[in-house]
1. Which of the listed residues, PHE282, MET307, GLY388, is farthest toward the dipole's positive end in segment 249-395, when Lys, Arg count +1 and Asp, Glu count -1 at the beta-carbon?
2. Taking only protein heavy atoms and a 1.4 Å probe, what accessible area per residue, in Å², does the chain have with all protein chains in place?
3. Taking only Cα atoms, what is the 0 to 90° angle, nearest 10, from helix 142-159's long axis to the longest principal axis of the chain?
4. Of the residues ILE108, ILE407, ILE132, which exhibits the maximal mean-square fluctuation in a Gaussian network model of the chain defined by a 10 Å Cα contact cut-off?
5. Taking θ = phi - 60°, what integer Hz values does the Karplus form 6.51 cos²θ - 1.76 cosθ + 1.60 yield along segment 64-80, in sequence order, with x for Gly and Pro?
6. Where is the GNM fluctuation largest for the chain (alpha-carbon springs, 10 angstrom cutoff): PRO105, PRO144, PRO413?
7. Considering only MET212, THR154, ILE193, whose Cα is most displaced toward the positive end of the charge dipole of segment 148-244, charges sitting on Cβ of Lys, Arg (+1) and Asp, Glu (-1)?
8. Counting only the heavy atoms of the protein chains, how much of GLU55 is accessible to a 1.4 Å probe, in Å² to the nearest 10?
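The values are calculated or read from the model by the stated rules, or taken from the named source; none is laboratory data. These numbers were taken from a predicted model, which means no experiment stands behind them. Ideal geometry is used to build each Cβ from the backbone, glycine not excepted, and the neighbour counts take in all protein chains shown. The protein model used for the area step is the full one, side chains on, heavy atoms only, and it has no ligands, DNA or RNA in it. Shrake-Rupley method; radii C 1.70, N 1.55, O 1.52, S 1.80 Å.
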Amino acid sequence: MLKFNTKNVCSRNLSDALIIRKYRASVKRISDDISIGKLPGTEMMGWQDLIRNYETSELLSMRKKAEQWISSKIKYVLVIGIGGSYVGVRAAIDMCLTPFNQTGPEVIWVHNMSSTYLCSLMEKVQNEKFAIIVISKSGTTLEPALAFRLLRKTLEKKMGVAASRKNIVAITDYEKGTLHDLAKKNHYVTFGIRNDIGGRFSTLTPVGMFIMMVKGIDTLMVLKGAKQALNDTSSSTLDNNSAFLYACYRHYLHTVKQMNIESFIVYEPSLTFVGEMWKQIFGESEGKQHKGLYPTLCLFTTDLHSMGQYLQEGTRNFFETTLMVKEPMLDKIVSVKDDDDSLKYLNNRSIDFINKKAFEGTIAAHTKLGKVDNFVIEITKADAYHFGYLFTWFAMTVTMSGYLLKINPFNQPGVDAYKKNMFKLLGKKI
């Protein structure tokens, strides 16, 4: 399960009691307004209904297609998508599967327009057995549209147009749009994205679930964890809702203590993209009207040897939130019979034990000497259940956090600015 620990908050007089007393009424009012759809953006909270009432037929259709690809020994699956169309599912795969011993097709993420990256990728796969998953609700987002054109032409040249269709899946709008029409014309298998779910909240739609199935992740356990998180965060009482408590602490530190940055920290490389998912959910949801904490990510202990000095003694305009896993997926006892490398003090200690002592030492240094407020989110395991739980817990946190800032956490008007300029420079008529 998930525990939200605030015992390493070191700001004077700041405590759960203070936060609960200060925010009790606001959280109750916002919760009530969400329930009746009064606040802007609540029409985009379809991810809650999806989690509670997932279509069994859609799950079965996705599983059937995934099993076809697995049984046909496809070597590479190219996932074409950007932002929420890939960050969340990449986080799930990295979190739930061991780094170097995965089975099934290798996933290659196609999420940019780098000429070097795309040309190198086309060269890599042209003589290999590969399939394509293209993800775009509209089909007009330039990065995935361009990549899909190039890579589907590569696939068609290799297999022929007709045969290539079985190796392409489009995940797009159920009824309309450029990609929807293209997929229908070419008879690609398609899975839908609901109109009441935005990109960064779409990981538990086919956007993420189909790719998880291709990689062998138990999606029923993902949904089970997500449902439990919804149940656990349904209360408007802060004593019983850790997601809303986290949201209130973030709001207090940002608006009262004038903190501008939240540094999200992981101690497992496999959780790095969980941090990227957190960055997107919070950055894109809250960065509006010149408001919002700036979300950053650190991988410890690696970044302690690059950012450690700043975090310990730099400008005090940030706080830290660390994600820890109680039970590692793999571990090993260190046996040191000699002392030629001066490591005998580690004899009979596990690698995870040593890593957690680094975490404890860092927390102590940053709070007691560095005077940095620290939160700890602890999950029991890095598995499918806890990924579903964590994703939903973050979604509930940012919902409350956004409304506390008096902004709509479900739109992203600023993202369109670069697109308009880019299309103008490329000569596209808008």
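1. PHE282
2. 47 Å²
3. Helix 142-159 and the main axis of the chain meet at about 50 degrees.
4. Taking springs between Cα atoms under 10 Å, the residue moving most is ILE108.
5. 4, 5, 4, 5, 4, 5, 5, 5, 7, 6, 5, 7, 10, 10, 8, 9, 9
6. PRO413
7. Value: THR154.
8. 110 Å²
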